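Here is the structure we will look at, set down as structure tokens.
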Amino acid sequence: MPVRVLVESSTPSQVSGANSGHTSFQACTLLGIGQGGSLDEGRKQINEFEIPVLTPSVYVSQAFSGTQNVSSLQKDEAWRVNVRIQGCDLEHGYLCGTMEALNVPMADTPVVTFWEGEIVDTKNYTFFTGKWEATPEDDIRHWTKFQSFSPLMGQVEVDGGKSLDLSNYPYIFMRWKEQYFVNVGTDCGLTIAGFYYVCFSCSDGSISGFYYDPNSSPFQKLELKSTNDGRSGFSFPSYELQ
């Protein structure tokens, strides 16, 4: 979800992830091979459509709803947020979706953004971001906000988690980077310069995240729960992604 503009910053070019290693865990399978939507499908018209299950826990068209806490010097605000997964390519550690902020004080309409995500699978991406103005120290500070990260901490400090096998870990760690506004202009008074550190729980289907932007309030917390009942969930209005 976009946050208030404090200082505009540009987005650095992307850096590729890292190779996998040897350390493994025993837990429920999360990132098993499945039928995924292509990257092009993830960027096409936003609407409800049927896509086969990607994993036992995450699938394209899955919807989530919750809040993002936006702290300021004056007060704390909790913006209502809806998220929908629009596309996923597990082989390349990629997923994408839309985020809708419903009660942004300075906006006359709900603000919808399109985001692209990196799955921390240690094959394509590690826990070290390597871009978006995030240092390894920033990465560690944000990942340690998740209790589920604790067992991984030692190895991540050594090599970013390159030698970890997360394919059976009961959580999926990701980064979500908003790419553009879908239904409003860039002059809306909000910024999407930062990105989210995200953790998905296999056990209850919840998502938690923390927004990072050196020019915004730190550690803005995102809390989402799956709203799908038989893969129904809420529906966005129809938007065309360019």
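At-a-glance table
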{"quantity": "Qualifying residues in the stretch 101-130 (those that are hydrophobic (A, V, I, L, M, F, W, C), within 16 Å of the chain's Cα centre (by Cα) and assigned to a loop (DSSP other than H, G, I, E, B)) - the one surrounded by the most Cβ atoms within 10 Å (Cβ to Cβ)", "calculated": "Val120"}
{"quantity": "From the options Glu133, Glu157, residue that is touching a helix residue (DSSP H, G or I) at 6+ places or on another chain (Cβ under 8 Å) and either assigned to a loop (DSSP other than H, G, I, E, B) or over 24 Å from Asp89 (Cα atoms) (or both)", "calculated": "Glu157"}
{"quantity": "Residue under evaluation Gly154, criteria (1) of a type in the set (Gly, Ala, Ser); (2) under 24 Å from Leu224 (Cα atoms); (3) open to solvent by 10 Å² or more (accessible area, probe 1.4 Å), criterion not met", "calculated": "(2)"}
{"quantity": "Residues located in the stretch 160-174, provided they are open to solvent by 30 Å² or more (accessible area, probe 1.4 Å) and either outside any loop (DSSP other than H, G, I, E, B) or closer than 16 Å to Phe146 by Cβ (or both)", "calculated": "Asp165, Pro170, Tyr171"}
{"quantity": "The stretch 40-92, residues that are of a type in the set (Asp, Glu), at pLDDT below 50 and exposed (fewer than 14 other Cβ atoms within 10 Å of the Cβ)", "calculated": "Asp40, Glu50"}
{"quantity": "Every pair of residues 6+ apart whose Cβ atoms lie under 8 Å, when the first sits in the stretch 98-126 and is at negative phi while the second is basic (Lys, Arg) and open to solvent by 10 Å² or more (accessible area, probe 1.4 Å)", "calculated": "Ala101/Arg80; Leu102/Arg80; Asn103/Arg80; Met106/Arg4; Phe114/Arg43; Thr126/Lys162"}
{"quantity": "Within the stretch 175-197, considering residues that are at pLDDT 90 or above and open to solvent by 10 Å² or more (accessible area, probe 1.4 Å), the one nearest to Tyr125 (Cα to Cα)", "calculated": "Gln179"}
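So that you can scan it fast, the table gives a plain yes or no per residue for (1) under 15 Å from Val198 (Cβ atoms); (2) in contact with a strand residue (DSSP E or B) (Cβ under 6 Å, 6 or more places away or on another chain); (3) among the hydrophobic types (A, V, I, L, M, F, W, C); (4) modelled with pLDDT of 95 or more:
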| residue | (1), (2), (3), (4) |
| --- | --- |
| Val104 | no, yes, yes, no |
| Glu116 | yes, yes, no, yes |
| Asp139 | yes, no, no, yes |
| Lys145 | yes, yes, no, yes |
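The values are calculated or read from the model by the stated rules, or taken from the named source; none is laboratory data. Just so it is clear, the model here is predicted, and its values are computed rather than measured. Using ideal geometry, Cβ is built from the backbone for each residue, glycine included, and neighbour counts are taken over all protein chains shown. For accessibility, only protein heavy atoms count, side chains too; no ligands or nucleic acids. Shrake-Rupley method; radii C 1.70, N 1.55, O 1.52, S 1.80 Å.
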